[in-house]
Amino acid sequence: MTDTKTCKESRVIKTAHVFPSDTNNHDTLFGGKLMSFIDDVASLSAIRHARMPVVTASTDSVDFLTPIVPSDSVCLESFVTWTGKSSMEVFVKVVAEHLLDGERRIAATAFLSFVALDENKKKVPVPKVVPETDEEKKLHETAPVRLEARKKRREESKELASYLTTKRLWEQG
């Protein structure tokens, strides 16, 4: 395993049509469909970076910025922006393109984190990431702020989970 890898070594690009069957009652792409695409490309980026199996540790954010409609294609670009010891932050940029006039716009952005695992499902170290472009450098330099927010949110989620019940609603008294 090399000690470092560039962002471009983990880059994944996926482009798809937006069909009427992919849309909701607002005639826009189902958010869940887009989130599935996002998790798919992000996991591929993490695997390319680690060259090991990975698991999704968190979906930190998915921000839907503009609607995606059936006259659009949707292009997702993902890459590893930052690494910890065994964890990786992956950024996904979603670009919608009106297929008839070529207008492109950022339709969504997302950050996810993944952990690399060995054959025994134990965490394993991953290479550090080296950003090269201005976009990659900005995402890399702002990653520690997102890491702290991720840690805080995870602790808050654990605390909340301690108050939640696993009983079904109809079993509660």
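The values are calculated or read from the model by the stated rules, or taken from the named source; none is laboratory data. Keep in mind the model is a prediction, meaning the values are calculated, not measured. In this analysis, Cβ positions are derived from the backbone assuming ideal geometry, glycine residues included, and neighbour counts consider all displayed protein chains.
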- Can you tell me which residue in segment 1-33 is farthest from residue 83 (Cα to Cα), limited to those that are assigned to a strand (DSSP E or B) and in contact with a Pro (Cβ under 8 Å, 6 or more places away or on another chain)? 23
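Yes or no, residue by residue, for (1) touching a Leu at 6+ places or on another chain (Cβ under 6 Å); (2) of a type in the set (S, T, N, Q); (3) modelled with pLDDT under 95; (4) at negative phi:
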residue	(1), (2), (3), (4)
101	no, no, no, yes
111	no, no, no, yes
115	no, no, no, yes
128	no, no, no, yes
131	no, no, no, yes
135	no, no, no, yes
154	no, no, yes, yes
157	no, yes, yes, yes
- Sole miss for residue 167 among (1) outside any helix (DSSP H, G or I); (2) crowded, with 16+ Cβ neighbours inside 10 Å is condition (2)
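Residue-by-condition table, conditions (1) of a type in the set (A, V, I, L, M, F, W, C); (2) touching a Ser or Thr at 6+ places or on another chain (Cβ under 8 Å); (3) within 24 Å of residue 139 (Cα to Cα); (4) surrounded by 18 or more Cβ atoms within 10 Å (Cβ to Cβ):
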site	(1), (2), (3), (4)
7	yes, yes, yes, yes
20	no, no, no, no
58	no, yes, yes, no
79	yes, yes, yes, yes
87	no, yes, yes, yes
96	yes, yes, yes, yes
101	no, no, no, no
110	yes, yes, yes, yes
114	yes, yes, yes, yes
- Message: Among (1) surrounded by fewer than 18 Cβ atoms within 10 Å (Cβ to Cβ); (2) more than 14 Å from the chain's Cα centre (by Cα); (3) not in a loop (DSSP other than H, G, I, E, B), there is one condition residue 66 misses while meeting the rest; what is its number?
- Response: (3)
- Evaluate segment 116-123: report whether one residue or more is part of a helix (DSSP H, G or I) and more than 17 Å from residue 89 (Cα to Cα). no
- Task: For segment 124-152, enumerate the residues that are assigned to a helix (DSSP H, G or I), touching a strand residue (DSSP E or B) at 6+ places or on another chain (Cβ under 9 Å) and surrounded by 13 or more Cβ atoms within 10 Å (Cβ to Cβ).
- Result: 135, 136, 139, 140, 143, 146, 147, 149, 150
